[in-house]
Amino acid sequence: MNNKILSIIIPSYNMQEYLHRSIESLLSESIIKNIEIIIVNDGSTDKTLEIAQKYHKENPESITIINKENGHYGSAINAGIDKASGTYLKILDADDWFNKEDFVLFVQELHRIPLCDVVFTNWCLNDTYNKVKKSSEKFQNPYDYKLNIDDLTIKETPLSFYSFFSLYAITYRTKFLHDIKYKQTEGICYTDVEYIYYPLIKASTAIFLNYNVYQYFIGREEQSVNPINIKKNIRHHYKIYQRMIKDYETITSPVKKNIQKTAFIKIASSLYYSYLFSNSPKECEDINLKSLDLALRDKSAEIYDSIASLKYHGLPYITLWRRFKCNFHLLYKILNVLKKVL
């Protein structure tokens, strides 16, 4: 497993239907000796481990398995990072895949580029719910040039993560992650926000490569991005938000301040919405969002004000909640009825 240019972590929990596709997208004779595939079986109860073992037997020098008790996404990523020995590291969720042709070119290019903390690549959304296939936005920064993070050009889009601030776009230098002692919160989902946020505000250099590598799949009812699961897992968002506020850093770099603000808006958009619209007050009795909201105001008035810009159907619901202590569960039900009628 030594002298690999890239480690790929595949966190897997009950992924017997998708793991074949994920692994097969990595297997090319021209680069297989240059990559390290780490399949983390996170306590699966189906045939995920059996599938992983089959591929390990076929490629023992390039595929390794971590078999552990279920600890959710963060613990699987942490186990993979600890094991990773490649120069660079990329995460591939087990229900997603890589564009094999561009992946091969990407791996070959990693041998040629100057050493950077972060490598950004293009990606593609495959949404089977809405029958949409969409490529990520083109980067505004030049391709193939090593850049300082502070010199990046960032498009101001406050209601979404920028195209390259996503799990799908990012490849980190492995030693950089080890040096900053990066760890994700364990026992919860949605820690991809942490994976983007914490390393990026520590990174110094980056490069953009024009390859469409990651293929992001939306189409499973069990996915964490399913609105039903976002509502159900509100405490996961709450825990991440707590950590981000507790570990808040005052940043002077305009670019990194923008990264920080965007990360807060990203997690807040799910947390505040679920709290005020999707979940009833009784379901959220143990969540003290008001206290956390005030803690954010004390840490950063700028981010606190930015979150107030979030709207739902044109309604500045966070501003109204802060001012009048109201929630919108009845309004949410009415809107859902109107959607069905119209």
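Values for this structure:
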| read-out | value |
| --- | --- |
| Test: residue in the stretch 17-29 that is within 17 Å of the chain's Cα centre (by Cα), modelled with pLDDT of 95 or more, small (Gly, Ala, Ser) and part of a loop (DSSP other than H, G, I, E, B) | no |
| Flag for Val213 being in a helix (DSSP H, G or I) and either among the hydrophobic types (A, V, I, L, M, F, W, C) or surrounded by fewer than 17 Cβ atoms within 10 Å (Cβ to Cβ) (or both) | no |
| Considering residues of the stretch 280-319 that are among the β-branched types (Val, Ile, Thr) and open to solvent by less than 20 Å² (accessible area, probe 1.4 Å) only, the residue nearest to Asp247 (Cα to Cα) | Ile303 |
| Which listed residue is open to solvent by 10 Å² or more (accessible area, probe 1.4 Å), farther than 25 Å from Glu194 by Cβ and small (Gly, Ala, Ser), from Ser85, Ser30 | Ser30 |
| Members of the stretch 32-52 that are more than 16 Å from Leu6 (Cα to Cα) and either assigned to a loop (DSSP other than H, G, I, E, B) or of a type in the set (Lys, Arg) (or both) | Gly43, Ser44, Thr45, Asp46, Lys47 |
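Results for (1) without any contact (Cβ under 8 Å) to a residue 60 or more places away in the chain; (2) part of a helix (DSSP H, G or I); (3) under 13 Å from Arg322 (Cα atoms); (4) among the charged types (D, E, K, R), shown as yes or no for each residue.
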position	(1), (2), (3), (4)
Ile265	no, yes, no, no
Ser274	yes, yes, no, no
Lys282	yes, yes, no, yes
Asp286	yes, no, no, yes
Ser291	yes, yes, yes, no
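The values are calculated or read from the model by the stated rules, or taken from the named source; none is laboratory data. The shown structure was predicted, so the numbers you read here are calculated from the model rather than taken from an experiment. Note that each Cβ is placed from the backbone with ideal geometry, even for glycine, and that neighbours are counted across all protein chains shown. In case anyone asks, the SASA skips ligands and DNA or RNA and just uses the protein heavy atoms, side chains included. Shrake-Rupley method; radii C 1.70, N 1.55, O 1.52, S 1.80 Å.
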